[in-house]
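The values are calculated or read from the model by the stated rules, or taken from the named source; none is laboratory data. Quick caveat, the model's predicted, so the values are computed rather than measured. In this analysis, Cβ positions are derived from the backbone assuming ideal geometry, glycine residues included, and neighbour counts consider all displayed protein chains. Remember, those area values only see protein heavy atoms, side chains included, never the ligands or the DNA or RNA. Shrake-Rupley method; radii C 1.70, N 1.55, O 1.52, S 1.80 Å.
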Amino acid sequence: MSEPAESERELRRAVIATALAMNARGINRGKSGNVSARLRDDICDGFVVTPTGLAYDETQPEDIVPMTLDGEARGSRLPSSEWRFHRDIYRARLDVNAIVHAHAPFATALACLSRGIPAFHYMVAVAGGRDIRCAPYATFGTQELSDRVLAALDGRKACLLAHHGMIAVGTSLSGALALAVEVETLAEIYWRALSIGQPQMLADVEMDVILEKFRTYGQPRRATE
Ligand SMILES: [Zn+2]
(Lines give C-alpha, C1' and ligand atoms only; values in the text may rest on other atoms or scores of the structure.)
Protein backbone atom coordinates (compact mmCIF):
# COMPACT_ATOMS: atom_id res chain seq x y z
CA MET A 1 0.00 0.00 0.00
CA SER A 2 1.30 3.46 -0.82
CA GLU A 3 2.35 5.83 1.95
CA PRO A 4 -0.20 8.47 2.94
CA ALA A 5 0.43 11.98 1.62
CA GLU A 6 1.99 14.51 4.01
CA SER A 7 -1.33 16.38 4.29
CA GLU A 8 -3.01 13.14 5.40
CA ARG A 9 -0.22 12.45 7.89
CA GLU A 10 -0.70 15.92 9.33
CA LEU A 11 -4.43 15.33 9.63
CA ARG A 12 -3.78 12.03 11.45
CA ARG A 13 -1.49 13.81 13.91
CA ALA A 14 -4.10 16.53 14.46
CA VAL A 15 -6.80 13.89 15.17
CA ILE A 16 -4.58 12.29 17.86
CA ALA A 17 -3.78 15.71 19.37
CA THR A 18 -7.51 16.50 19.55
CA ALA A 19 -8.31 13.14 21.20
CA LEU A 20 -5.56 13.75 23.79
CA ALA A 21 -6.83 17.29 24.36
CA MET A 22 -10.38 15.94 24.83
CA ASN A 23 -9.15 13.88 27.81
CA ALA A 24 -6.80 16.60 29.10
CA ARG A 25 -9.68 19.13 29.12
CA GLY A 26 -11.76 16.74 31.23
CA ILE A 27 -14.56 16.12 28.71
CA ASN A 28 -13.67 12.46 28.23
CA ARG A 29 -11.90 9.71 30.11
CA GLY A 30 -9.93 6.64 29.04
CA LYS A 31 -10.58 5.08 25.63
CA SER A 32 -14.19 6.31 25.39
CA GLY A 33 -15.20 8.74 22.68
CA ASN A 34 -13.64 9.19 19.26
CA VAL A 35 -12.44 11.91 16.89
CA SER A 36 -12.45 12.25 13.10
CA ALA A 37 -11.57 14.76 10.40
CA ARG A 38 -12.72 15.02 6.79
CA LEU A 39 -10.09 13.93 4.28
CA ARG A 40 -10.20 15.20 0.74
CA ASP A 41 -7.61 13.81 -1.63
CA ASP A 42 -7.21 12.97 -5.30
CA ILE A 43 -8.44 9.40 -4.90
CA CYS A 44 -11.60 9.79 -2.86
CA ASP A 45 -13.49 11.91 -0.36
CA GLY A 46 -13.62 10.44 3.07
CA PHE A 47 -12.35 10.93 6.59
CA VAL A 48 -9.78 9.69 9.10
CA VAL A 49 -10.99 8.39 12.46
CA THR A 50 -9.47 7.11 15.70
CA PRO A 51 -9.17 3.30 15.88
CA THR A 52 -11.21 1.13 18.23
CA GLY A 53 -9.86 0.03 21.61
CA LEU A 54 -6.54 1.88 21.62
CA ALA A 55 -5.54 4.38 24.35
CA TYR A 56 -5.04 7.85 22.85
CA ASP A 57 -1.59 8.22 24.42
CA GLU A 58 -0.53 5.00 22.68
CA THR A 59 -2.03 5.93 19.31
CA GLN A 60 0.43 6.66 16.51
CA PRO A 61 -0.39 8.36 13.19
CA GLU A 62 -0.26 4.97 11.39
CA ASP A 63 -3.01 3.67 13.75
CA ILE A 64 -5.52 6.28 12.54
CA VAL A 65 -7.99 4.71 10.11
CA PRO A 66 -8.84 6.31 6.74
CA MET A 67 -12.37 5.56 5.50
CA THR A 68 -14.36 6.36 2.39
CA LEU A 69 -17.84 7.87 2.53
CA ASP A 70 -19.04 4.38 1.49
CA GLY A 71 -17.74 3.05 4.82
CA GLU A 72 -14.70 1.19 3.49
CA ALA A 73 -11.68 1.27 5.80
CA ARG A 74 -8.01 0.81 4.94
CA GLY A 75 -4.97 0.46 7.14
CA SER A 76 -4.00 -2.03 9.84
CA ARG A 77 -6.49 -1.03 12.56
CA LEU A 78 -10.25 -1.31 12.85
CA PRO A 79 -12.03 2.05 12.95
CA SER A 80 -13.92 3.28 16.01
CA SER A 81 -17.10 1.25 16.53
CA GLU A 82 -18.97 4.56 16.00
CA TRP A 83 -17.66 5.07 12.42
CA ARG A 84 -21.23 4.98 11.06
CA PHE A 85 -22.31 8.28 12.54
CA HIS A 86 -19.00 9.88 11.51
CA ARG A 87 -19.57 8.71 7.91
CA ASP A 88 -23.22 9.75 7.87
CA ILE A 89 -22.49 13.22 9.29
CA TYR A 90 -19.80 13.85 6.61
CA ARG A 91 -22.20 12.62 3.93
CA ALA A 92 -25.11 14.77 5.07
CA ARG A 93 -23.32 17.87 6.32
CA LEU A 94 -20.98 19.56 3.87
CA ASP A 95 -20.37 22.27 6.51
CA VAL A 96 -18.66 19.74 8.80
CA ASN A 97 -14.93 18.96 8.60
CA ALA A 98 -14.38 17.53 12.09
CA ILE A 99 -16.30 15.53 14.70
CA VAL A 100 -15.62 15.08 18.42
CA HIS A 101 -17.59 12.41 20.31
CA ALA A 102 -17.08 12.31 24.09
CA HIS A 103 -18.62 10.70 27.15
CA ALA A 104 -18.46 14.06 28.94
CA PRO A 105 -19.63 13.57 32.55
CA PHE A 106 -22.18 16.41 32.92
CA ALA A 107 -23.56 16.18 29.39
CA THR A 108 -23.85 12.42 29.78
CA ALA A 109 -25.57 12.74 33.18
CA LEU A 110 -28.29 14.86 31.51
CA ALA A 111 -28.41 12.42 28.58
CA CYS A 112 -28.97 9.54 31.04
CA LEU A 113 -32.24 11.30 31.90
CA SER A 114 -32.90 11.77 28.14
CA ARG A 115 -32.65 15.51 28.74
CA GLY A 116 -31.16 17.92 26.25
CA ILE A 117 -30.04 21.44 27.18
CA PRO A 118 -32.84 24.01 26.80
CA ALA A 119 -32.49 27.80 26.48
CA PHE A 120 -31.60 28.34 30.15
CA HIS A 121 -28.47 30.33 29.13
CA TYR A 122 -27.85 32.39 26.00
CA MET A 123 -24.65 30.43 25.14
CA VAL A 124 -26.83 27.42 24.25
CA ALA A 125 -27.14 29.19 20.87
CA VAL A 126 -23.44 28.48 20.21
CA ALA A 127 -24.57 25.01 19.05
CA GLY A 128 -26.65 26.66 16.31
CA GLY A 129 -30.20 26.62 17.67
CA ARG A 130 -32.57 27.47 20.52
CA ASP A 131 -31.66 24.26 22.34
CA ILE A 132 -29.24 21.34 22.26
CA ARG A 133 -31.24 18.19 21.55
CA CYS A 134 -30.79 14.75 23.06
CA ALA A 135 -30.96 11.92 20.49
CA PRO A 136 -33.09 8.97 21.72
CA TYR A 137 -31.14 5.89 22.79
CA ALA A 138 -29.96 3.24 20.34
CA THR A 139 -27.19 0.64 20.67
CA PHE A 140 -23.70 2.04 20.03
CA GLY A 141 -22.30 1.46 16.56
CA THR A 142 -25.71 0.85 14.93
CA GLN A 143 -27.29 2.52 11.91
CA GLU A 144 -30.27 3.30 14.14
CA LEU A 145 -28.05 5.39 16.44
CA SER A 146 -26.53 7.16 13.45
CA ASP A 147 -30.01 8.01 12.07
CA ARG A 148 -31.05 9.43 15.45
CA VAL A 149 -27.83 11.45 15.72
CA LEU A 150 -28.40 13.00 12.29
CA ALA A 151 -31.95 14.01 13.25
CA ALA A 152 -30.78 15.53 16.56
CA LEU A 153 -28.02 17.44 14.73
CA ASP A 154 -30.39 18.86 12.11
CA GLY A 155 -29.60 22.59 12.00
CA ARG A 156 -27.24 22.15 14.98
CA LYS A 157 -23.53 21.67 15.64
CA ALA A 158 -23.90 19.58 18.80
CA CYS A 159 -26.26 17.08 20.42
CA LEU A 160 -26.43 14.75 23.39
CA LEU A 161 -26.96 10.97 23.02
CA ALA A 162 -29.33 9.37 25.52
CA HIS A 163 -27.61 7.02 28.00
CA HIS A 164 -24.35 7.55 26.11
CA GLY A 165 -22.59 10.92 25.62
CA MET A 166 -22.36 13.90 23.28
CA ILE A 167 -21.22 14.94 19.80
CA ALA A 168 -19.84 18.28 18.61
CA VAL A 169 -18.98 19.10 15.00
CA GLY A 170 -17.13 21.96 13.37
CA THR A 171 -15.34 23.30 10.34
CA SER A 172 -12.05 22.36 12.06
CA LEU A 173 -10.82 19.99 14.78
CA SER A 174 -10.09 22.92 17.11
CA GLY A 175 -13.59 24.30 16.50
CA ALA A 176 -15.28 20.96 17.21
CA LEU A 177 -13.21 20.50 20.38
CA ALA A 178 -13.95 24.03 21.61
CA LEU A 179 -17.68 23.46 21.05
CA ALA A 180 -17.55 20.13 22.91
CA VAL A 181 -15.94 21.92 25.89
CA GLU A 182 -18.61 24.65 25.72
CA VAL A 183 -21.46 22.10 25.64
CA GLU A 184 -19.98 20.30 28.66
CA THR A 185 -19.67 23.63 30.50
CA LEU A 186 -23.32 24.44 29.73
CA ALA A 187 -24.36 20.96 30.89
CA GLU A 188 -22.51 21.47 34.17
CA ILE A 189 -24.09 24.90 34.79
CA TYR A 190 -27.55 23.55 33.90
CA TRP A 191 -27.04 20.63 36.30
CA ARG A 192 -25.95 23.01 39.07
CA ALA A 193 -28.89 25.35 38.42
CA LEU A 194 -31.33 22.40 38.51
CA SER A 195 -29.87 21.29 41.85
CA ILE A 196 -30.97 24.54 43.55
CA GLY A 197 -34.09 25.44 41.59
CA GLN A 198 -35.89 25.53 38.27
CA PRO A 199 -34.19 27.98 35.84
CA GLN A 200 -36.44 30.17 33.72
CA MET A 201 -35.95 29.75 30.00
CA LEU A 202 -35.05 32.55 27.60
CA ALA A 203 -37.86 33.33 25.16
CA ASP A 204 -37.62 32.03 21.57
CA VAL A 205 -37.51 35.61 20.30
CA GLU A 206 -34.47 36.38 22.50
CA MET A 207 -32.70 33.18 21.42
CA ASP A 208 -33.29 34.21 17.80
CA VAL A 209 -31.58 37.56 18.55
CA ILE A 210 -28.59 35.68 20.02
CA LEU A 211 -28.48 33.28 17.07
CA GLU A 212 -28.35 36.22 14.69
CA LYS A 213 -25.56 37.83 16.75
CA PHE A 214 -23.56 34.58 16.68
CA ARG A 215 -24.03 34.34 12.91
CA THR A 216 -22.26 37.68 12.45
CA TYR A 217 -19.88 37.46 15.46
CA GLY A 218 -16.26 37.51 14.36
CA GLN A 219 -17.18 38.27 10.74
CA PRO A 220 -15.32 41.18 9.09
CA ARG A 221 -17.42 44.32 8.84
CA ARG A 222 -18.31 45.47 5.36
CA ALA A 223 -16.45 48.57 4.22
CA THR A 224 -19.71 50.50 3.84
CA GLU A 225 -20.69 50.03 7.52
ZN1 LIG B 1 -19.53 6.63 22.65
Burial-style ranking of 159-172, 180-193, average other-beta-carbon count within 10 Å with highest first, yields 159-172, 180-193
Each label sits 7 Å from Cα toward the beta-carbon; between Thr68 and Ala109 the label points are separated, in nm, by 4.5 nm
Over all Cα pairs of segment 1-145, the Kirkwood radius sets Rh, and Rg/Rh then becomes 0.98
In whole percent, the fraction of accessible protein surface over the chain that belongs to carbon or sulfur atoms, probe radius 1.4 Å, stands at 52 percent
Phi-derived 3J(HN,Hα) across segment 50-63 with the Karplus relation (6.51, -1.76, 1.60, θ = phi - 60°), rounded Hz, x for Gly and Pro, is 4, x, 7, x, 10, 4, 5, 6, 10, 7, 9, x, 6, 7
Measuring from the longest principal axis of the C-alpha atoms of the chain, the long axis of helix 83-92 (C-alpha) lies at a number of degrees, nearest 10, equal to 70 degrees
For segment 5-78, the per residue accessible area (1.4 Å probe, Å²) is 51 Å²
Here, GluC sites (Glu not before Pro) of segment 1-108 satisfying both criteria (DSSP loop; at most 14 other Cβ within 10 Å) are Glu72
Expected unfolding gain across Ile189-Phe214 under the 0.36 nm per residue rule, minus the alpha-carbon gap, is 6.9 nm
Descending packing, highest mean Cβ count within 10 Å first, for 208-217, 29-38 is 29-38, 208-217
Checking rank on 46-56, 96-106, 134-144, with mean other Cβ inside 10 Å and highest first, the result is 96-106, 46-56, 134-144
With label points set 7 Å from each Cα along the Cα-to-Cβ direction at Asp147 and Ala203, the distance between them in nm comes to 3.9 nm
Measuring from its Cα centre, the chain shows a charge dipole (+1 at each Lys and Arg Cβ, -1 at each Asp and Glu Cβ) which, in debye to the nearest 20, is 440 debye
Between the residues Ala92, Gly128, Thr171, the Cα farthest towards the positive end of the dipole of the chain, that dipole coming from +1 and -1 charges on the beta-carbon of Lys, Arg, Asp and Glu, is from Gly128
Helix 143-152 sits off the longest principal axis of the Cα atoms of the chain, rounded to the nearest 10 on a 0 to 90 degree scale, by 40 degrees
Given a 1.4 Å probe, the accessible area of segment 139-214 per residue, as a whole number of Å², is 48 Å²
